[in-house]
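Comments concern the structure below.
The values are calculated or read from the model by the stated rules, or taken from the named source; none is laboratory data. Remember, predicted model here, so these are calculated numbers, not experimental data. Here the Cβ positions follow ideal geometry from the backbone for every residue, glycine too, while neighbour counts run over all protein chains shown. Protein only, heavy atoms only, side chains kept; ligands, DNA and RNA dropped before computing areas. Shrake-Rupley method; radii C 1.70, N 1.55, O 1.52, S 1.80 Å.
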Amino acid sequence: MSQPSVILATAGYDHTIRFWEAKSGRCYRTLQYPDSQVNRLEITPNKQYLAAAGNPHIRLFEVNSNSPQPVMSYDSHTNNVMAVGFQCDGKWMYSGSEDGTVKIWDLRAPGCQREYESRAAVNTVVLHPNQTELISGDQNGNIRVWDLTANSCSCELVPEVDTAVRSLTVMWDGSLVVAANNHGTCYVWRLLRGNQTMTNFEPLHKLQAHNGYILKCLLSPEFCEPHRYLATASSDHTVKIWNVDGFTLEKTLIGHQRWVWDCVFSVDGAYLITASSDSTAKLWAMANGEAIRTYQGHHKATVCCALHDDLTLHGSGLTTIFAMSS
């Protein structure tokens, strides 16, 4: 199989993972995930593997293969796995689960290498760009920083007592962190370095983004600069795009018929992929906020999406293969 330049995958409650041609909208591969729904998808930095987080397993599939079988299974969580991600060179994976734990897995060895107790169902985990801190958010409203060097919790925050933190996102340069909750609110902090290596949170902004739940918040990637955006996906069926400079509303993406669970930017921030309970995923152009492709094929709620596209030299500067092929 020749590797597609843009890898786009979606999954959800119909027990399948689907791979799509991003431009045409054609589904070219379907994987069965019989054990449970799929809560989260993530592609390894080298584009070789796709991690699918379910209940309570994480399965690793080869991206560039016809094999329907996972190449590895990670099995020590005891409840829904709600977060999964990879360290920048792909040596280890992290996960967070409703069993109240955050775990670290060495991809070159079986079993879980480390475990951190959050004492409440973990909804979201992100890796700080410094690659030495994990930040988790849980159902009780706690945000915790796990210092991987000291192997301990270095910081705890509770932005709103007893209000579940649904999603966390960190700016690519480590300057900001945003937490989104069940009340439709985003809390924004500047991340400051103290005397030690520990990250300190300085409150910057409180944004009432939606009237419903925020299910995903996501800051734009490095190659979107100088523009900086925050995307918020909500149970109100919309995704809102906010300018990080002042947190003013830039656009509202309207088109999904049900809750929007997940979103992911293209590498240059020019496009956004969304996944919704209406069983579709959509591709949006950030320039005008229009939906330019709908990915139809799932039979139940689509709750997660993963995208890996490349930057390439083209004409006078960098552009994405996405843009070149559109």
By residue number, the members of segment 137-170 that are closer than 18 Å to residue 190 by Cα, open to solvent by 20 Å² or more (accessible area, probe 1.4 Å) and part of a strand (DSSP E or B) are 154, 155, 156, 157, 170
Please name all residue pairs, on different chains or six or more residues apart, with Cβ atoms under 6 Å, provided the first residue is in segment 72-94 and is farther than 12 Å from residue 41 by Cβ and of a type in the set (S, T, N, Q) and the second residue is assigned to a strand (DSSP E or B) and open to solvent by 20 Å² or more (accessible area, probe 1.4 Å). 73/59; 76/112
Might you check whether a residue that is in contact with an Asp or Glu (Cβ under 8 Å, 6 or more places away or on another chain) and modelled with pLDDT of 95 or more occurs anywhere in segment 306-314? yes
Out of the strands (runs of 3 or more DSSP E) lying entirely within segment 17-136, which hold 3 or more residues that are within 15 Å of residue 306 (Cα to Cα) and of a type outside the set (Ser, Thr, Tyr)? 27-32, 40-43, 49-53, 58-62, 81-86
Where residues in segment 3-19 are open to solvent by 10 Å² or more (accessible area, probe 1.4 Å) and under 13 Å from residue 47 (Cβ atoms), which of them is modelled with the lowest pLDDT? 3
